[in-house]
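In what follows, a single structure is set out as structure tokens and then discussed.
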Protein chains: 2
Amino acid sequence: MAILVVGSVAYDTVETPCDRRERQLGGSASFFSLAAGPEANVRVVAVVGDDFAPADLALLASRGVDIAGIVRAPGASFHWSGRYRDDFVERDTLETSLGVFADFRPAIPAGWHDSEYLFLANIHPALQAEVLAAVARPRLVVLDTMNLWIETTRAALLDVLRGVDVVLLNDSEARLLTGERSLAAAAEAVRELGPERVVIKKGEHGALFFGRDSRLAVPAVLLPEVVDPTGAGDSFAGGFLASLARAGVGRDHPDAPFRAAMVDGTVAASFCPEAFSVEGLLQRTPSAAERRKKELLAAMIP
Amino acid sequence: MAILVVGSVAYDTVETPCDRRERQLGGSASFFSLAAGPEANVRVVAVVGDDFAPADLALLASRGVDIAGIVRAPGASFHWSGRYRDDFVERDTLETSLGVFADFRPAIPAGWHDSEYLFLANIHPALQAEVLAAVARPRLVVLDTMNLWIETTRAALLDVLRGVDVVLLNDSEARLLTGERSLAAAAEAVRELGPERVVIKKGEHGALFFGRDSRLAVPAVLLPEVVDPTGAGDSFAGGFLASLARAGVGRDHPDAPFRAAMVDGTVAASFCPEAFSVEGLLQRTPSAAERRKKELLAAMIP
């Protein structure tokens, strides 16, 4: 089984109430693939600029990520800069420089068209649609998006959503996309747009799963300290899809393995905010993940 | 078994993005006792003004609430007025008129000093302490408070907390009381102040339980529509304590019945925001509550 992800491999400059880090490894595809783990066989389709450090690509490769789909183009790498407020939740974007991403056209390497799992990370929906069309017969297609695309490229987003099995949104995006205040009503409205299953991410409040015929609320792992929450949503997606791929789950499966994947995604995401950049994900060990999963389940079952 | 509650029986003027209601029945003791239900044998200690409608007291009595401890004093009843913002979560207090509550000294009716369960609703901590001292040997003492008392009467609050078994706080109050940003760290810090068990209420995101040796996260029941969230926290307390009283649980019991009570409190609270004032609680039927509990448990267990 292989998971193909199209998304960003980028640099982030992040300022929190405690610290500041400049041009550190970030991007949806980076967080996703490291959270999915070395056994997940993740194939990354992305673009970086000629300023991108070879060591950062080597880091991904050293963790079992297939970087053959990351092309290097003349120009600057995608760079996001943001500042978190005192609550470590609200954040202000200070700068978004698309760089080489402005002219990015995803090219799928030979042999990757048969990837069984597809994660369309948060990029322009027209690019998501191109990749979706290029992969022959995926067992499962998962999509993430953001308020920018909902507001500026709604038609293209609605178009790609029709071919998606699971959509991941945060609560404000779900409300923006559907106009529904109630998350239950918003999830139902999203399902009518195509995806049979909907995950609503709520950061420190956990995530909600709306399945074919069941619902599940998973609380976030309670962390003693948050250092940098950037990338936690993509890390959730990595743990979630790796869990489904490991179990060989396709769109026709019942809700049960998706519910289990919600727990695995939550555990994977919990390592991300503990350090800057991808450092928290890199520090994860199998035994630490197992311990967190046990604690999380104990906090879920009354 | 009887539950004694000291708190407010009051009038609320509430404005939401959809509607406005003037001088409707409210107050922590009203929501608490109606949510606890007719079998809970709730005894209310409170004060109302000479403007208080006899029909509103009769309503409480008709639902099995013992109102013998509600005294009528010359002057105006406590009145709170607030306006909810578009998200139905954030709210601005427009006016707080203490009225007869300004000079309130709780008087416990004869025969009520042996009440087994005690809920010290959100009033001045010195009054909470008076009631606590007047009840002989309660099996369990539960306390609620708010940012006003944390900020203005901290010493008195810390004093009463030493005699409390379970404290209910919302997330911002827990942070304000302890100075801890992490809710896990805040709960541990609260436990060091006296209460062995801590419940952190998060509104539409549910509630967290920090027990003697376990934790539980309970999601809120997903409602298709929220009309007026006023009183949901006190309704949670009513369902929570009624569950413990029904099972005869005291402070020395293990965490298990408290975890079950978290679920019962969540179900009770879910009826409150569906209508203005106490109307949602009045519409609750045993079969509707049973159905919601089943749905909630299905959404909690992966």
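Throughout, read-outs are computed from the coordinates displayed, never taken from laboratory work. The structure presented is a predicted model; accordingly, all values stated were derived computationally and were not measured. Neighbour counts run over all protein chains shown; Cβ positions are idealised from the backbone, glycine included.
Tabulated data
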quantity: Selection from B:Tyr11, B:Gly194, B:Leu57, by position along the positive dipole direction of chain B (Cβ); calculated: B:Gly194
quantity: Alpha-carbon centroids, the range A:189-205 and the range A:2-22: separation in whole Å; calculated: 23
quantity: Rounded to the nearest 20 debye, dipole of the range A:165-302 from Cβ charges on Lys, Arg, Asp, Glu; calculated: 320
quantity: Nearest-first distances (nm) between copies at B:Asp50, label 7 Å from Cα via Cβ; calculated: 8.9
quantity: Cα shape, the range B:201-302, gyration tensor, a/c 1.5 rule; calculated: prolate
quantity: Shortest-first nm distances, B:Gly248 label point to equivalent points in other copies (7 Å, Cα→Cβ); calculated: 5.3
quantity: Lys, Arg +1 and Asp, Glu -1 on Cβ, resulting dipole of the protein assembly as shown about Cα centre, debye, nearest 20; calculated: 1280
quantity: Length-normalised contact order for the range A:134-269 - Cα pairs under 8 Å, 6+ apart - percent; calculated: 19
quantity: Order of B:Thr285, A:Thr266 under a 10 Å beta carbon neighbour criterion, fewest first; calculated: B:Thr285, A:Thr266
quantity: Axis-nearest residue of A (beta carbon) for the A-onto-B rotation, whole Å; calculated: A:His205, 2
quantity: Order of A:Lys202, B:Lys201, B:Lys293, A:Lys294 under a 10 Å beta carbon neighbour criterion, fewest first; calculated: A:Lys294, B:Lys293, A:Lys202, B:Lys201
quantity: Helical contribution to [θ] at 222 nm, DSSP H n ≥ 4, -39,500 (n - 2.57), averaged over chain A, rounded to 500; calculated: -10500 deg cm²/dmol
quantity: In the range B:83-138, the GluC sites (Glu not before Pro) that fall in loop regions by DSSP, at most 16 other Cβ within 10 Å; calculated: B:Glu90
quantity: At R0 = 60 Å, FRET efficiency that the Cβ-Cβ distance of A:Asp92 and B:Ala68 yields, to 0.05; calculated: 0.60
quantity: Three-way shape call for chain B based on the alpha-carbon gyration tensor, with the a/c threshold at 1.5; calculated: rounded
quantity: Sparse-neighbour loop sites [trypsin sites (Lys or Arg not before Pro); the range B:208-251; at most 13 other C-beta within 10 Å; DSSP]; calculated: B:Arg212
quantity: Using a 7 Å Cα-to-Cβ projection, A:Glu39 label spacings across copies, nm, ascending; calculated: 4.8
quantity: Centre separation in Å (Cα based) which lies between the range A:154-179 and the range B:227-302; calculated: 33
quantity: Residues A:Asp19, B:Asp159, sorted so that the one with the fewest Cβ neighbours within 10 Å comes first; calculated: A:Asp19, B:Asp159
quantity: Sequence-separation-based contact order of chain A, relative, with Cα cut under 8 Å and 6+ spacing, percent; calculated: 18
quantity: Sites A:Ile301 and A:Arg246 - FRET efficiency at Förster radius 22 Å, r taken between beta-carbons, to 0.05; calculated: 0.45
